[in-house]
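A quick write-up on the structure given underneath.
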Amino acid sequence: MTRAMKKFTGWIIAIAVILIIFLFMGPLYIVNEGNQVVVTRFGSIVDTHTNAGLYIKIPFLDKVTTYPKLVLSLDGDEQRIPTKENQFIIVDTTSRWRISDPAKFYQNFTTLENAYNKLSDIIDSSCRTVITQNRLSEIVRSSNIINDTRADDDDEDEETKEIGELVNDSTANEVVTKGRSELCRMMTVEANKLVPEYGIDLIDIVPRQIKYSDELTESVYNRMIKDRNQVAQAYRSLGEGKKAEWLGKLESDKRTIASEAYRKSEEIKGNADAEAAAIYAEAYSRDPEFYAFWKSMESYKSNLKNYPATYSTKMDYFDYLYSANGNR
């Protein structure tokens, strides 16, 4: 082997060793799909990469910080918030967000843990701001479908309508002008006034759970008991009214039936008396003496039994006692 060849081989080996050492120092790094990175040198940002691929850095000098590019979620802590009516409720929210500018994000937070803490404070503040400006019904309801259904329900029976008129259900008749969906949007808009400067894009804020505070829970239970008692009393009042109505109708029907029965009985009696009188008149016209005799006997039968003794029979009434033709 010539001297030139040896020298060339030595250069090849030296380059290979340097290359191996360089590779071992880690000059290359990979950005996976769904991730983004910030490259810093001596604490200063020198580059950012949001697309997946293979990239080069200066070993020992450049530091690569990786952040997720996907949508992240943040579950907030429960907080006690007063509504516009000064009723305290416990609100637990959840939100979706993503890192829109990794350079700004790194400058403000560096780590995801710091971002979670700051973002949680911003979300809690916006949630409190919106809720304190609105009524409880706006927070727990999304529409007026309850009121609309009641107004448009033509199949509702008469008794249910009467109960609805007797019961003063003011809560159900509250008109919702915004609703929970609109309030969630307002929370997101309020929070997005601050988060863009941190390199964050806040997608939405949703109340995961809304519940009454302890003192409000007792108040709500008492109101529910009062409402149920009011409904029960309404049913009792309606029942008493129906009872009086049916008893009145029954008494009226009873009087009507009795009156009609009396009328018919009197009509029948009148017809019978007229028919009897006609029979008696016909019989009298055929044999007046027998008729007079028969009437006298009927009178004796019905009247003399009430008198145990008769002291004188010298009167025309007793003529048929002595003679069949009524002559003494």
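Here are the numbers for this structure:
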quantity: Count - residues of segment 35-53 that are open to solvent by 40 Å² or more (accessible area, probe 1.4 Å) and within 11 Å of Val64 (Cβ to Cβ); calculated: 5
quantity: Residues (among the acidic types (Asp, Glu) and modelled with pLDDT of 75 or more) located in segment 290-327; calculated: Glu298
quantity: Single condition Tyr235 does not satisfy, out of (1) of a type in the set (Ser, Thr, Tyr); (2) more than 43 Å from the chain's Cα centre (by Cα); (3) open to solvent by 100 Å² or more (accessible area, probe 1.4 Å); calculated: (2)
quantity: Failed condition for Thr110, given (1) open to solvent by 10 Å² or more (accessible area, probe 1.4 Å); (2) more than 30 Å from Ser137 (Cβ to Cβ); (3) touching a strand residue (DSSP E or B) at 6+ places or on another chain (Cβ under 6 Å); calculated: (3)
quantity: Of the criteria (1) open to solvent by 50 Å² or more (accessible area, probe 1.4 Å); (2) part of a strand (DSSP E or B); (3) closer than 30 Å to Arg223 by Cβ; (4) acidic (Asp, Glu), which one Asp92 fails; calculated: (1)
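The values are calculated or read from the model by the stated rules, or taken from the named source; none is laboratory data. Please read all numbers here as calculations on a predicted model, not as lab measurements. Heads up, the Cβs are rebuilt from the backbone with ideal geometry, glycines too, and the neighbour counts pull from every protein chain shown. For the accessible areas, the whole protein counts, side chains as well, though only heavy atoms, and no ligand, DNA or RNA atoms are used. Shrake-Rupley method; radii C 1.70, N 1.55, O 1.52, S 1.80 Å.
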